[in-house]
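See structure below.
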């Protein structure tokens, strides 16, 4: 009888998928004014899933992929014959002295028999969603599961659990984004939650690509969800507005970034907006790491691209090189192909993921400037890795420069790699990474950070342990392939997920959160007393700010979900207070944002207008 009931539930579940709209896929190839091929297509499949919380308990949780996930990587021909080791002039070889707070939440998430596990996750107002190769799960923000473990393939009926997932919380639309790739045929699968509830229903899309989209990385931008991959489709964008609405004919545009230098493995990163969205019309920026050991590269640098998308006439979409930005010397090339990082008690080494930026390229929009956070592994000699990190800035003009950078190597004995970094809404920076050495530190996870007011180029907090490793991985060199730090919608809490090794070499994936602003106070007088209250009444949006530090002019903006400034005013605070009203009766239903600040600070609040 139990088997019959399970079968009935499964049949009903399949029918729920079958009753959804099936689009007629289109693909159009055009050439833009720069001579670039632009491919525009619509989904080959579209579903609206039943709510995740209502799915049957029995799910396929087998690892359908190989235990070791293949990677499209060909080092031969991409490195110069002779590589001269360089002296890194910005090494931080001492630990910071600020006391780091222990993790707020700290627990093991999903586990998998796949190597590597590819952990990804993001925090929303009430949930944390984690995905690894083959599966995903929704937790509350105390770490309690809110759904059973689900196979990734559950989101896309008829698909398989093939992996390289990425989870994003679109704070601007209050929706969830989950993706994975497929092979034979080559596809990218994207699921967008129908509502703000990640345990609810999802709009599930399947798009076809001509080449396997290996190692895909994503970002949220004002006009699309942008993607890169280790393939010829190095610049891809999905029609965000249409996907949020559950449009079965949402478009995908793809083209290739020109003159991309790489070490046999392509992984430029698209800018991912964590703060207010950039203004409408802003191109999406892509960042590529270039070592002077790469063929055809004469100096260590960051190459920056701009992609513009025209959803009305996609043939006008294009990607161009906007900057080649020199940086302080580094060595991003390790020896041994994938076998680089030494562990205790074994000759098996681990993959450093060399020659690429690690996920994410976090973008924050401030009043007067914007920031991008980047990080990657560097060889300190003998395949011992440290983390190089950067804060780039522009002055609202797309002309990026290195505001600060550093190479974090505080003990000179351990390897730190598989990093991910982000900036909070107060200008503080969090950095998390894997750590081990060859003698007594097994692969675990640690983190550090700096306040926005600290001396440039330094991680000023002492390193803190998220989880200590308990054994070495001996079955393979594949590790990671990435960690993922996200920023909580509260603007001040960092969430990170990454791989660590438990006893007997067992793979585990940790989820933890931490803050910098509560350790020693914010450390910035502009935020110590600041409050922002936004309310609605009688067709007006009322803005009241208090605790403003100083007497400098402040700017108050009403912004649309596409990043445009709808209305703005500038005024001088009186007694630390500033107020403004905006008319809302003429605005359409939707999500808006109110922002107040100047070059020293900013604060923003989300506003929902219903009709």
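The values are calculated or read from the model by the stated rules, or taken from the named source; none is laboratory data. Everything numeric in this text was worked out from a predicted model, so none of it was measured. Cβ atoms come from the backbone with ideal geometry, glycine included; neighbour counts cover every protein chain shown.
Strands (runs of 3 or more DSSP E) wholly in the range 90-142 with at least 3 residues that are closer than 25 Å to residue 353 by Cβ and under 20 Å from the mean Cα position of the chain (by Cα) - which ones?
Numbers: elements: 105-108, 120-123, 127-132, 135-140.
Counting at least 3 such residues, we get 120-123, 127-132, 135-140.
Restricting to the range 232-270, count the residues that are within 19 Å of residue 176 (Cα to Cα) and in a loop (DSSP other than H, G, I, E, B).
7
Considering 259, 310, 274, 298, which residue is crowded, with 18+ Cβ neighbours inside 10 Å and either touching a strand residue (DSSP E or B) at 6+ places or on another chain (Cβ under 6 Å) or under 23 Å from residue 321 (Cβ atoms) (or both)?
274
For residue 388, which of the numbered conditions (1) farther than 20 Å from residue 273 by Cα; (2) touching a strand residue (DSSP E or B) at 6+ places or on another chain (Cβ under 7 Å); (3) surrounded by fewer than 24 Cβ atoms within 10 Å (Cβ to Cβ) fails to hold?
Going through the list (1) farther than 20 Å from residue 273 by Cα; (2) touching a strand residue (DSSP E or B) at 6+ places or on another chain (Cβ under 7 Å); (3) surrounded by fewer than 24 Cβ atoms within 10 Å (Cβ to Cβ), residue 388 breaks only (3).
If you check 355, 382, 347, 398, which single one turns out to be part of a loop (DSSP other than H, G, I, E, B) and surrounded by 23 or more Cβ atoms within 10 Å (Cβ to Cβ)?
On the way: 382 fails: surrounded by 23 or more Cβ atoms within 10 Å (Cβ to Cβ); 347 fails: surrounded by 23 or more Cβ atoms within 10 Å (Cβ to Cβ); 398 fails: surrounded by 23 or more Cβ atoms within 10 Å (Cβ to Cβ).
When all the criteria are applied, what remains is 355.
For the condition free of Cβ contacts under 8 Å to residues at least 12 places away in the same chain and either under 18 Å from the mean Cα position of the chain (by Cα) or in the same structural domain as residue 414 (by TED's automatic domain parsing) (or both), what is the one hit in 308, 312, 324, 371? Give the steps one after another, and end with the answer.
Details: 308 fails: free of Cβ contacts under 8 Å to residues at least 12 places away in the same chain; 324 fails: free of Cβ contacts under 8 Å to residues at least 12 places away in the same chain; 371 fails: free of Cβ contacts under 8 Å to residues at least 12 places away in the same chain.
So the residue among 308, 312, 324, 371 that is free of Cβ contacts under 8 Å to residues at least 12 places away in the same chain and either under 18 Å from the mean Cα position of the chain (by Cα) or in the same structural domain as residue 414 (by TED's automatic domain parsing) (or both) is 312.
Yes/no matrix, rows are residues, columns are (1) within 23 Å of the chain's Cα centre (by Cα); (2) surrounded by fewer than 21 Cβ atoms within 10 Å (Cβ to Cβ); (3) within 15 Å of residue 419 (Cβ to Cβ):
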| position | (1), (2), (3) |
| --- | --- |
| 436 | no, no, yes |
| 440 | no, yes, no |
| 452 | yes, yes, no |
| 456 | no, yes, no |
| 462 | no, yes, no |
| 465 | yes, yes, no |
| 468 | no, yes, no |
| 473 | no, no, no |
| 477 | no, yes, no |
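Which of the residues that make up the range 387-402 are within 21 Å of the chain's Cα centre (by Cα) and on the phi < 0 side of the Ramachandran plot?
387, 388, 389, 390, 391, 392, 393, 394, 400, 402
I'm told residue 297 meets every condition in (1) without any contact (Cβ under 8 Å) to a residue 40 or more places away in the chain; (2) not in a loop (DSSP other than H, G, I, E, B) except one. Can you identify the failing condition by its number?
Looking at each condition in turn, residue 297 falls short on (2).
So that you can scan it fast, the table gives a plain yes or no per residue for (1) in the same structural domain as residue 508 (by TED's automatic domain parsing); (2) in a strand (DSSP E or B); (3) free of Cβ contacts under 8 Å to residues at least 40 places away in the same chain:
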site: 435; (1), (2), (3): yes, yes, yes
site: 449; (1), (2), (3): yes, yes, no
site: 457; (1), (2), (3): yes, no, no
site: 469; (1), (2), (3): yes, no, yes
site: 472; (1), (2), (3): yes, no, no
site: 475; (1), (2), (3): yes, no, no
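Only residues that are more than 20 Å from residue 457 (Cβ to Cβ) and in contact (Cβ under 8 Å) with a residue 60 or more places away in the chain: list them for the range 380-420, please.
Taking the range 380-420 and keeping what is more than 20 Å from residue 457 (Cβ to Cβ), we get 381-384, 395-399, 413-415, 418.
Of everything in the range 380-420, those that are more than 20 Å from residue 457 (Cβ to Cβ) and in contact (Cβ under 8 Å) with a residue 60 or more places away in the chain turn out to be 381, 398, 399, 415, 418.
If you go through the range 300-329, how many residues are within 18 Å of residue 241 (Cβ to Cβ) and assigned to a strand (DSSP E or B)?
Qualifying residue count for the region: 2.
Residue-by-condition table, conditions (1) more than 20 Å from residue 160 (Cβ to Cβ); (2) buried (at least 24 other Cβ atoms within 10 Å of the Cβ):
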residue	(1), (2)
180	no, yes
183	no, no
187	no, no
193	yes, yes
199	yes, no
205	no, yes
213	no, yes
219	yes, yes
229	no, yes
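Check whether at least one residue in the range 30-53 is modelled with pLDDT under 90 and out of contact with any strand residue (DSSP E or B) (no Cβ under 7 Å at 6 or more places or on another chain), and report yes or no.
The answer is no, given that none of the residues of the range 30-53 is modelled with pLDDT under 90 and out of contact with any strand residue (DSSP E or B) (no Cβ under 7 Å at 6 or more places or on another chain).
What number of residues within the range 528-576 are free of Cβ contacts under 8 Å to residues at least 12 places away in the same chain and within 33 Å of the chain's Cα centre (by Cα)? Before you say what the answer is, go through the steps one by one.
Filtering the range 528-576 down to residues free of Cβ contacts under 8 Å to residues at least 12 places away in the same chain leaves 535, 537-538, 574-575.
Those left that are additionally within 33 Å of the chain's Cα centre (by Cα): 535.
Matching residues across the range 528-576 total 1.
Being in a strand (DSSP E or B) and touching a helix residue (DSSP H, G or I) at 6+ places or on another chain (Cβ under 6 Å) narrows it down to one residue among 204, 173; which is it?
Testing whether each residue is in a strand (DSSP E or B) and touching a helix residue (DSSP H, G or I) at 6+ places or on another chain (Cβ under 6 Å) leaves just 204.
Here are 261, 232, 288: which of them is assigned by TED's automatic domain parsing to the domain that holds residue 307 and either touching a residue at least 60 places away in the same chain (Cβ under 8 Å) or under 25 Å from residue 485 (Cβ atoms) (or both)?
Values: 261 fails: either touching a residue at least 60 places away in the same chain (Cβ under 8 Å) or under 25 Å from residue 485 (Cβ atoms) (or both); 232 fails: either touching a residue at least 60 places away in the same chain (Cβ under 8 Å) or under 25 Å from residue 485 (Cβ atoms) (or both).
Within the list 261, 232, 288, the selection yields 288.
Does residue 541 count as crowded, with 19+ Cβ neighbours inside 10 Å and within 25 Å of residue 363 (Cβ to Cβ)?
On the way: crowded, with 19+ Cβ neighbours inside 10 Å: yes; within 25 Å of residue 363 (Cβ to Cβ): no.
Judged against the criteria, residue 541 is not a match.
Answer with yes or no whether residue 377 is over 30 Å from residue 281 (Cα atoms), touching a residue at least 60 places away in the same chain (Cβ under 8 Å), in the same structural domain as residue 123 (by TED's automatic domain parsing) and not in a loop (DSSP other than H, G, I, E, B).
Spelling it out, it is not the case that residue 377 is over 30 Å from residue 281 (Cα atoms), touching a residue at least 60 places away in the same chain (Cβ under 8 Å), in the same structural domain as residue 123 (by TED's automatic domain parsing) and not in a loop (DSSP other than H, G, I, E, B).
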